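Beneath this line is the structure, given in structure tokens, with notes to follow.
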């Protein structure tokens, strides 16, 4: 009998901001891949607490807690790590301030649905769901933040 290794789950939350038919993505310093902004909870934080903290840390804006709405929760294997999955609870929310990358974020960009292959598998599931629900257009050209 073969024993399967214990599966590890990375539990994250993410902020889904769609403007002009594109979704905001961030590339952390030292990484090549863009992600939907967000991160892992610390201690006993709720999804809302994690989301507000992470977005403030990454994008220097304040989410308006009363506007936060759950979009969906997605789970996929971490590429190159067969026994690790990422679960991402995604939320939309209004914000105050000006979007800007923090010291931990190298770059922000707006991604169209056609760029789904450029984001991690769990983010691809989000893109697919947003397209299926008509919230993200099927074809949209890329643009940088500030365009």
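Computed from the coordinates by the stated procedures, all read-outs in this text should not be read as laboratory data. Given the structure is predicted, the values throughout are model-derived calculations rather than measurements. When we count neighbours, we look across all protein chains shown, and the Cβ atoms used for this are built from the backbone with ideal geometry, even at glycine.
Computed values, structure above
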{"quantity": "Single residue of segment 42-95 satisfying the filter (under 19 Å from residue 129 (Cα atoms) and without any contact (Cβ under 8 Å) to a residue 24 or more places away in the chain) that is surrounded by the most Cβ atoms within 10 Å (Cβ to Cβ)", "calculated": "73"}
{"quantity": "Residue 131 vs. criteria part of a helix (DSSP H, G or I), in contact with a helix residue (DSSP H, G or I) (Cβ under 6 Å, 6 or more places away or on another chain) and over 27 Å from residue 30 (Cβ atoms)", "calculated": "yes"}
{"quantity": "Scan of segment 27-41 for residues that are in contact with a helix residue (DSSP H, G or I) (Cβ under 7 Å, 6 or more places away or on another chain), over 13 Å from residue 120 (Cα atoms) and touching a residue at least 40 places away in the same chain (Cβ under 8 Å), ordered by number", "calculated": "38"}
{"quantity": "Segment 41-92, residues that are part of a loop (DSSP other than H, G, I, E, B) and touching a strand residue (DSSP E or B) at 6+ places or on another chain (Cβ under 8 Å)", "calculated": "41, 61, 64, 68"}
{"quantity": "Conditions (1) surrounded by 15 or more Cβ atoms within 10 Å (Cβ to Cβ); (2) in a strand (DSSP E or B); number of the one not met by residue 107", "calculated": "(1)"}
{"quantity": "So residue 123, is it in contact (Cβ under 8 Å) with a residue 60 or more places away in the chain, surrounded by 16 or more Cβ atoms within 10 Å (Cβ to Cβ) and closer than 16 Å to residue 11 by Cβ", "calculated": "yes"}
